[in-house]
Every structure is written in C-alpha cells, then in structure tokens.
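Undergrad: Below you'll find the structure I mean.
Read the figures in this text as sums done on the coordinates, not as results from a lab. What you see is a predicted model; the values in this text were computed from it and never measured. As a convention, Cβ positions derive from the backbone with ideal geometry for all residues, glycine included, and neighbour counts pool all protein chains shown.
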Amino acid sequence: MITDSLESRYFIQLSYRGTQYHGWQVQPNAPSIQQVLNEKLTVLLGHEVETVGAGRTDTGVHAKCFFAHFDGQEMKPEFVKDLVHRMNAILPKDISVYDVIKVRPDAHARFSALSRTYEYHIHILKDPFLEGLSLYYYRKPDIDIMNTACRLIRGEKDFKSFSKCHTDTKTTICKVYQAEWEQDGPIIKFTIRADRFLRNMVRSIVGTMLDVGTQKTSLSELEWIIQSCNRQKAGQSVPAHGLYLTAIEYPDNIFF
C-alpha cells in the first residue's frame, strides 16, 4: 500500500546479465537496463518513475550488484517487500531485483557511493558454458608478474592512460584500494576496487596487464604508460562480456 505522505527515496538493489543491453543508461533506439526498470516500476507504482543508477555500465557489461534510486510516495514495509516479488515476476529473465530499501532524502545511488568493485573473468581452456560470460584467452599469462604490476596501479593517481578519450569527466584522478589477480585452474579473475572509475578504465587496465603477463610489456614500461597519461600508450581494451560490477559500498548513515 502507498500512503498519502510526502515523497520518499528508495534504493533498489538488482543484478543483470548485460549481453542483450546497451549498458545501464537509457539510449535512443537501443535497449538498456534503466529503460526496462523505469517501465516496470511505472506500471507497478502507477506513476512515472525515473531511476538514477550507481554508474554507467557499458554495452555488454554485467552486474552482480547494482543500485539505483527512485522517488515516490511513502510505501508501507509490507508493500515494499511485495514489490520485490512483483518486480521479478514481470522483469526479463536477465534482470533480477533483490531488495528495495528506504533511504534518506539526500542519498544518491551514484554520488553517495564510497567505492565500487569490478571483476574481470578469463578462462584459458575453451569452455562453451563460459561463452559470453568470460574471456577465452588462448595464452597462459604469468599471474605472479601481473600481481607485481598491480602494485603500480594501487593508490591515488591519474588514470588518464586507461580512460576512454573525449569524455566529460572533470578529473581522471582515482584512488585504487585493491587490485589483484587470482587463478583457480583454467579460471583467472582480476578484482579491482576504487573510489571511482573512468569510462573503459577496467577493460583497458586488464588488456595492459595481459600484455605484462605475456611479456609484451615490462613493468618499467607499465610505469611509463601510467605516467604518460596517454591512452594510445596502453594496451587494447578487453571485451565487455568478461566484466562484472560486483559490489558498491555506501555509508551506513544513508539508510534508515
């Protein structure tokens, strides 16, 4: 049930497989996660809903954990709980809602975030069940040297060399809290957590790291690439289908 009180703000937690979508953000003449979510919430709540996402994932990128916020009339707890089930009943199979959470009026899905975590998945043995969900990389990279390379990208620095050119971002400075590679048999995973990410940043870092792991680029060259602030000096971006947004951290005080 929706009450007649003033508008409240809600976070919605969801996940999605990005294969069939042109990213999170609404696009002209192309399907997006935001468009689908707006349409379904509008139907269920009986008024126009415009969601605001935690970020702008690119075409084909997946999210195991994503948050968006929307404003609407105050909803009773039992209605909120039921809304999760009703959303999942009408959403496509590749989008799932986990929770709807009331937050403070000034809480923002994008700007209130303290950090975001991404993973990039790679497999080095051909596997049809990972097609579209992980990058098949036919060479076995040196995980140890790539983890050594991770030390060079941790901390606060300018990541312009790994950013898509001609973006409207005000700064290319980011603080990377975590960056590491793990291997479990034929499965390789890169995890990176930072206060913010530039467009295409993770995919270009992974591509450059793979050059390091296959001896195409040395550690000293990687350091020079970072310092150059020149996208053309870094490696090629890896495909979007291996990239996952896996966590977003928010301050506790935005939640009731």
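Undergrad: Relative to the Cα centre, what is the charge dipole magnitude of the stretch 115-247, using +1 at the beta carbon of each Lys and Arg, -1 at the beta carbon of each Asp and Glu, and rounding to the nearest 20 debye? Walk me through the intermediate numbers first.
TA: Numbers: 19 positive and 15 negative charges, 96 e Å.
Value, rounded to 20: 460 debye.
Undergrad: Place +1 on the Cβ of every Lys and Arg and -1 on the Cβ of every Asp and Glu in the chain, take the dipole about the Cα centre, and give the residue among Val212, Cys150, Ile192 whose Cα lies farthest towards its positive end.
TA: The Cα lying farthest towards the positive end belongs to Val212.
Undergrad: If you don't mind, another one. Projected onto the charge dipole of the chain (+1 at Lys/Arg Cβ, -1 at Asp/Glu Cβ, origin at the Cα centre), which of Leu222, Tyr250, Ala113 gives the Cα projection farthest towards the positive end?
TA: Checking the options against the dipole of the chain, the answer is Leu222.
Undergrad: With angles folded into 0 to 90 degrees, how steeply does helix 201-213 sit against the dominant principal axis of the chain? Use alpha carbons for both and round to 10.
TA: The angle comes out near 30 degrees.
Undergrad: Any chance you could give the angle, 0 to 90 degrees and rounded to 10, that helix 219-228 forms with the longest Cα principal axis of the chain?
TA: Approximately 60 degrees, to the nearest 10.
Undergrad: Moving on. Dipole of the stretch 1-139, Cα-centred, from +1 at each Lys and Arg C-beta and -1 at each Asp and Glu C-beta, to the nearest 20 debye? Kindly include the intermediate steps, with their values, before the conclusion.
TA: Working: 15 positive and 16 negative charges, 97 e Å.
Around 460 debye, computed over the stretch 1-139.
Undergrad: While we're here: What number comes out for the charge environment of Ile95, summing +1 per Lys or Arg and -1 per Asp or Glu over other residues with Cβ under 10 Å away?
TA: Around Ile95, the surrounding residues sum to +2.
Undergrad: Enumerate the amide H contacts of Tyr250 below 5 Å, restricted to partners 5 or more residues apart or on another chain; note that Pro and chain-start residues carry no placed amide H.
TA: For Tyr250, the qualifying residues are Leu114.
Undergrad: Over 31 Å between Cα atoms: which of Lys64/Lys175; Lys81/Lys164; Lys93/Lys157; Lys40/Lys160; Lys76/Lys170; Lys93/Lys189 fall into that group?
TA: Distance filter (> 31 Å) returns Lys81/Lys164; Lys93/Lys157; Lys40/Lys160; Lys76/Lys170.
Undergrad: So how tilted is helix 33-45 from the main axis of the chain? Cα-based, degrees 0 to 90, rounded to 10.
TA: Here the helix axis deviates by roughly 10 degrees.
Undergrad: Where Rh is the Kirkwood radius over the Cα pairs of the stretch 81-216, the temperature 10 °C and the viscosity 1.306 mPa s, what D in µm²/s does Stokes-Einstein return?
TA: Values: Rh = 17.5 Å.
Rounded to a whole number, D works out at 91 µm²/s.
Undergrad: Still on this structure, please answer the following. Determine the sum of side-chain charges near Leu245: Lys and Arg each +1, Asp and Glu each -1, restricted to other residues whose C-beta is under 9 angstrom from that of Leu245.
TA: Details: positive: Lys64, Arg116; negative: Glu119.
Neighbour charge sum, excluding Leu245 itself: +1.
Undergrad: Next up: What dipole magnitude, in Debye to the nearest 20, does the chain give about its Cα centre under +1 on Lys/Arg Cβ and -1 on Asp/Glu Cβ? Let's see the in-between values first.
TA: Working: 31 positive and 30 negative charges, 131 e Å.
Dipole size: approximately 620 debye.
Undergrad: Any idea what diffusion coefficient the chain gets from Stokes-Einstein, in µm²/s, Kirkwood Rh on alpha carbon pairs, 4 °C, 1.567 mPa s? Walk me through the numbers on the way to the answer.
TA: On the way: Rh = 19.5 Å.
Approximately 66 µm²/s, per Stokes-Einstein.
Undergrad: Divide by every residue of the chain the summed helix terms, -39500 (n - 2.57) for each DSSP H run of at least 4, and state the resulting mean residue ellipticity at 222 nm, rounded to the nearest 500 deg cm²/dmol.
TA: On the way: 5 runs with 61 residues, N = 256.
Dividing the helical sum by the residues of the chain leaves -7500 deg cm²/dmol.
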